[in-house]
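Input: a single structure, listed below in structure tokens.
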Amino acid sequence: MKAIFDPNNYFWNIYALPNLIVGFLVILEGIFVLFQSRKTVTPFAYFLVTLTSGIFLTGAGIVCSMTQETLALVFSRFCSWFGIIFVTPSVYFFSASWTTDLLRGKRRSVRLHFFVGVGFFLICIFSPYLVQGMYPYPTGYFPKAGILELPFIVWFYTVMSLAFVNFMRI
């Protein structure tokens with residue numbers, strides 16, 4: 001844990017700045033929207049989308065600035081992949097939250113997709129099956145796909161497609 005806060009484990013990486021800046025601004029946007037209206041669930045659902053997106057982006061920026069592969073792998077699994085995995089059920093929840101009738105009908109699906117996301121996240125942090133390691137590039141480290149990457153991508157795009165269908169119904 002101390003290694004994460006040690007400045008010697010980081011280097012100045014201009015390629016990480018866009019991710020860090022945009023991730024931070026996306027989280028701030030979600031906070032701004034959340035405090036505008038608390039009467040409906042939609043601002044909260046939007047906040048979850050921006051929070052998970054911002055966590056992914058800032059996490060990717062931090063990983064790109066790390067000098068040690070093992071530290072980059074751990075941080076990528078816990079932070080960046082948390083955002084990647086949970087942005088999908090968050091977008092689905094946001095798409096279902098636009099009308100109360102739609103949310104009532106999709107409540108079980110929303111819970112199911114968050115539950116599947118928890119499963120993928122646990123696999124990600126406790127095994128090499130989703131993130132196998134890191135590729136070193138001059139611009140920083142990038143995760144190597146594990147054997148469960150394809151099922152994850154299928155789930156990711158299926159849930160995003162279902163969210164798109166929800167948006168089309170509105």
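The values are calculated or read from the model by the stated rules, or taken from the named source; none is laboratory data. None of the values given here were measured: they were computed from a predicted structure. FYI the Cβ positions are ideal-geometry reconstructions off the backbone, even for glycines, and counts take in every protein chain you see. Calculation scope for accessible area: heavy atoms of the full protein, side chains included, ligands and nucleic acids excluded. Shrake-Rupley method; radii C 1.70, N 1.55, O 1.52, S 1.80 Å.
Summary table below
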| quantity | calculated |
| --- | --- |
| The chain, accessible area per residue, ligands and nucleic acids excluded (1.4 Å, Å²) | 58 |
| By accessible area with a 1.4 Å probe, ligands and nucleic acids excluded, highest first: order of Ile85, Ile55, Ile153 | Ile153, Ile55, Ile85 |
| Inverse mean reciprocal Cα-Cα distance (Kirkwood Rh) of segment 19-170, Å | 16.1 |
| Distance from segment 103-124 to segment 1-64 (C-alpha centre basis), Å | 22 |
| Helical mean residue ellipticity (222 nm; -39500 (n - 2.57) per DSSP H run of 4+; nearest 500) of the chain | -23000 deg cm²/dmol |
| Translational D in µm²/s for segment 101-170 (Stokes-Einstein at 37 °C, 0.692 mPa s, Kirkwood Rh from C-alpha pairs) | 234 |
| Inter-site label distance for Ile153 and Leu25 at 7 Å from Cα along Cβ, in nm | 3.0 |
| Fraction of accessible area attributable to carbon and sulfur, segment 15-91 (%, probe 1.4 Å) | 76 |
| 14 Å tail of the calculated P(r), segment 30-76, as % of Cα pairs | 57 |
| Charge tally in the Cβ shell below 15 Å around Phe114, where Lys, Arg are +1 and Asp, Glu are -1, Phe114 excluded | +4 |
